[in-house]
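Asker: Please find one structure pasted underneath; my questions will follow.
The values are calculated or read from the model by the stated rules, or taken from the named source; none is laboratory data. Just so you know, these numbers come straight off a predicted model, no measurement behind them. Here the Cβ is made from the backbone with ideal geometry for all residues, glycine too, and neighbour counts use every protein chain on show. When the accessible area is computed, the model is the full protein with side chains, heavy atoms only, and any ligands, DNA or RNA have been set aside. Shrake-Rupley method; radii C 1.70, N 1.55, O 1.52, S 1.80 Å.
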Amino acid sequence: MTGTGDHAGVPFSRIRIRAAALVFCGNDVALIRRDRARSTHYTPPGGNVEDGEDLRQALHRELAEELGLDAEQAEGGDLLWVIDQRVTRPGPTPPPRKLHLIHRLHITPRIRATLAKFEQDELPDGSLETGVIEWVDYRTTAGLPLFPPIGPALAALPDPRAAPARTALEAVTDENYTWV
């Protein structure tokens, strides 16, 4: 049996799972806007599942951390999309392969009014990056710089509760995505 260090420098030799959610309030969906020096991009609230952590618990933890949402107060929670990410990224460590599990939740305007407006994300150097929670009409997301790139599939839903045409979206690779 080989140790984990044997593949430490090989891209995609590790697999991470990211649990995220599209949190809807009517036609609006919560996205986190990250403004960087050379770009702006959006992501659905969520984060990496920790070793040994239950997927649902990870999703609930991330929604509490990023939005201040008690997921038990939301309706739904079904798995909407799965995206396989194999994208080279800048930085000193080789990129992991990441499986994005995108869930769908619905909340009321009363709950929305209590949620966070900003989110703090810890960077590898220990500093914090502030993200802005934006509520965007889901039908306008096709042109947003959204990662993973789910904007066209999201905008194509006939309504926020509609079943998706397919649950496995196109893999994100260096051939079809450039890291920003």
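Asker: Among (1) assigned to a loop (DSSP other than H, G, I, E, B); (2) under 18 Å from Leu101 (Cα atoms); (3) open to solvent by less than 60 Å² (accessible area, probe 1.4 Å); (4) in contact with a Pro (Cβ under 9 Å, 6 or more places away or on another chain), which single condition is Tyr177 missing?
Answerer: (2)
Asker: Tell me yes or no: at least one residue of the stretch 14-30 is assigned to a loop (DSSP other than H, G, I, E, B) and open to solvent by 70 Å² or more (accessible area, probe 1.4 Å).
Answerer: Looking through the stretch 14-30, at least one residue is assigned to a loop (DSSP other than H, G, I, E, B) and open to solvent by 70 Å² or more (accessible area, probe 1.4 Å).
Asker: For a quick check of your reading of the model, give me the residue pairs whose first member lies in the stretch 145-161 and is touching a residue at least 40 places away in the same chain (Cβ under 8 Å) and of a type in the set (Phe, Trp, Tyr), whose second is surrounded by fewer than 19 Cβ atoms within 10 Å (Cβ to Cβ) and not in a helix (DSSP H, G or I), with beta-carbon atoms closer than 7 Å and at least 6 apart or on different chains.
Answerer: From the stretch 145-161, the pairs are Phe147/His41.
Asker: Does Val172 satisfy being open to solvent by 50 Å² or more (accessible area, probe 1.4 Å), of a type in the set (A, V, I, L, M) and at pLDDT below 95? I'd like the intermediate steps shown before the answer.
Answerer: Working: open to solvent by 50 Å² or more (accessible area, probe 1.4 Å): no; of a type in the set (A, V, I, L, M): yes; at pLDDT below 95: yes.
In short, no.
Asker: Another one. When you scan the stretch 54-95, how many residues do you find that are in contact with a strand residue (DSSP E or B) (Cβ under 7 Å, 6 or more places away or on another chain), within 19 Å of Pro148 (Cα to Cα) and not in a strand (DSSP E or B)?
Answerer: Qualifying residue count, the stretch 54-95: 8.
Asker: Another one. When the stretch 31-50 is examined, which residues are found to be open to solvent by 20 Å² or more (accessible area, probe 1.4 Å) and either of a type in the set (Asp, Glu) or under 19 Å from Arg161 (Cα atoms) (or both)?
Answerer: The answer is Asp35, Glu50.
Asker: Can you find a residue in the stretch 96-115 that is touching a strand residue (DSSP E or B) at 6+ places or on another chain (Cβ under 8 Å), assigned to a helix (DSSP H, G or I) and open to solvent by 50 Å² or more (accessible area, probe 1.4 Å)?
Answerer: yes
Asker: Say we look at the stretch 116-140 and pick out the residues that are among the charged types (D, E, K, R) and open to solvent by 50 Å² or more (accessible area, probe 1.4 Å); which of these is nearest to Asp28 (Cα to Cα)?
Answerer: Restricting to residues being among the charged types (D, E, K, R) and open to solvent by 50 Å² or more (accessible area, probe 1.4 Å), the top hit is Arg139.
Asker: A follow-up question, please. Name every residue in the stretch 127-156 that is touching a strand residue (DSSP E or B) at 6+ places or on another chain (Cβ under 9 Å) and either among the basic types (Lys, Arg) or assigned to a loop (DSSP other than H, G, I, E, B) (or both), in order of residue number.
Answerer: Those that are touching a strand residue (DSSP E or B) at 6+ places or on another chain (Cβ under 9 Å) and either among the basic types (Lys, Arg) or assigned to a loop (DSSP other than H, G, I, E, B) (or both): Leu144, Pro145, Phe147, Pro148, Pro149, Ile150.
Asker: Among the residues of the stretch 51-59, are any of a type in the set (Asp, Glu), within 24 Å of Pro160 (Cα to Cα), over 13 Å from the mean Cα position of the chain (by Cα) and open to solvent by 70 Å² or more (accessible area, probe 1.4 Å)?
Answerer: Of the residues in the stretch 51-59, the ones of a type in the set (Asp, Glu) are 51, 53-54.
The next check asks that each one be within 24 Å of Pro160 (Cα to Cα); those that pass are none.
No, because not a single residue in the stretch 51-59 is of a type in the set (Asp, Glu), within 24 Å of Pro160 (Cα to Cα), over 13 Å from the mean Cα position of the chain (by Cα) and open to solvent by 70 Å² or more (accessible area, probe 1.4 Å).
Asker: While we're on this one: Considering only the stretch 67-94, how many residues are within 13 Å of the chain's Cα centre (by Cα) and open to solvent by 10 Å² or more (accessible area, probe 1.4 Å)?
Answerer: Number satisfying all stated conditions: 4.
Asker: Residue check, Pro164 against (1) surrounded by 19 or more Cβ atoms within 10 Å (Cβ to Cβ); (2) touching a strand residue (DSSP E or B) at 6+ places or on another chain (Cβ under 8 Å), all met but one. Which one?
Answerer: The single condition Pro164 does not satisfy is (1).
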